[in-house]
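Undergrad: My structure is below; once you've seen it, I'll send some questions.
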Amino acid sequence: MTPMRRWLAPLVFACLSLGCGNNASRGESPTAYRWPERFAYRVDYVGLAQRDTIPLVRYAEERTTLFSIRDQRYLVTWDSVLKSVQRPGEAPVSAPLVTEDTLSFYVRLGRHGEVSRVELGCDPALAACAAALPSSFALQLRRIVPALPQWEAPRGSSWQDSLAFDDASRPLGAHGTLVTVYRAAQDTVIAGVPYWMIGWRSERRAFRAGTPSNPIVAEQPVREDGVTFVEKRRLMPVFSTWAGAVPASPEVRALGATAAGFRGRAWLVGSVFDSIVGAPR
C-alpha cells in the first residue's frame, strides 16, 4: 500500500460510516471560493527517513493556522504548534520551532485560489525577520487551497497553476516555481453535505546561489500527490491530504538513510472533518 493510500484509509472508512456517496450529477463544480472574514485550518505533517524499509527518524508537526481580515488582506498567525522527533525504540522528543513558526504573515486570497501579496508581518530590520522565508507560507498554503479553473470543470478535466517564489536574497532562500496540475475527480456527499473532489500533482523546482564557478545550483525537484475536498455550500476547501518524497538531508544521510518522504493533511476547523480526522488519537 502506498503512503497516500495508507493516509487516506481512515478517511475512506469514516466516509463510509457517515454516509458518503458519489453523486457526480448533483451540481456544477465550484468556480469561485467564498472566503469569510475569519477561518482556521488544523494541519498535521509527518516526515520519515528510512534505510531500505527500516525507519530511522520520524518527524511530526501539528499546528492551527488562523486567518483574519486586516486591511483587505488576511493576517495569518499560528496556534498550538507542536513538533517532535522520534527514533525507533525511543519516545518522541520535542523539536525546536523555527523562525517562521513564530512570525505572522499577510496574504491576499483570490476567488479562484490566487495566492498573492505574501509578506512577513514583522520588522525587516530584525535579524529573525530578515532570515525568514516569505515563500514558505505560500508553498504550504497551495496544498490546502487548490487553484480553481475559470470555467465549470467536468469530471475528468484538468487544468494547471504555476506559483513563482523568490527568496534568493535571504541567507537560506531560493527562487523557482511550484507547478500544480489538477484533475476534477468527482462529486461526493458526506453526512448529507455535497463536496467537490480535486486530485492534484505538484512539482517544486528551486535554484540557489552557488560558487563563482557554478553560480546557480538546481535543487532536486520535489513532487507531491494530493486530494482536496471543496464544500459546495460554503465554497471553501475543507480537507486536503498529500504525500511525496524529498532528498534526504546531509544529517539524515549520515545515519544511512536511503529514502525520505512525507505526508500531511489539513482540515477546516468546525467542519465535519473535525470529527473524522480531528478526534484525539
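Undergrad: I'd like the Kirkwood hydrodynamic radius of the stretch 50-131, using the inverse of the mean 1/r over distinct C-alpha pairs, in Å.
TA: Numbers: mean 1/r = 0.0652 Å⁻¹.
Kirkwood radius, the stretch 50-131: 15.3 Å.
Undergrad: If I model a spin label at A91 and W151 as a point 7 Å from the Cα along the Cα→Cβ vector, what separation in nanometres do I get?
TA: It works out to 5.9 nm between the two label points.
Undergrad: Let me ask something else. Only Cα pairs under 8 Å and at least 6 apart count here; give the relative contact order of the chain as a rounded whole percent.
TA: Details: 615 pairs, mean separation 57.8, N = 281.
Normalised by residue count, the contact order of the chain is 21 percent.
Undergrad: So how long is each side of the chain along the principal axes, counting just the alpha-carbon atoms, biggest first, in Å?
TA: So the extents along the principal axes, rounded to whole Å, are 58, 48, 34.
Undergrad: Multiply the residue gap between I69 and A218 by 0.36 nm, knock off their C-alpha separation, and tell me the result in nm, one decimal place. Present the calculation step by step, with values, prior to reporting the outcome.
TA: Working: separation 149, 0.36 × 149 = 53.64 nm, distance 3.70 nm.
Value of the extension gain: 49.9 nm.
Undergrad: Helix 135-144 against the longest principal axis of the chain: what's the angle in degrees, Cα atoms only, rounded to the nearest 10?
TA: Helix 135-144 sits at roughly 30 degrees to that axis.
Undergrad: What share of Cα pairs, in percent, lie more than 19 angstrom apart in the stretch 214-271? Walk me through the numbers before you get to the answer.
TA: Details: 880 of 1653 pairs.
The proportion of pairs with Cα distances above 19 Å equals 53 percent.
Laboratory data are not the source of any read-out in this text; all were calculated from the coordinates shown. Keep in mind the model is a prediction, meaning the values are calculated, not measured. Every residue, glycine as well, gets a Cβ built from its backbone with ideal geometry; the counts of neighbours run over all protein chains shown.
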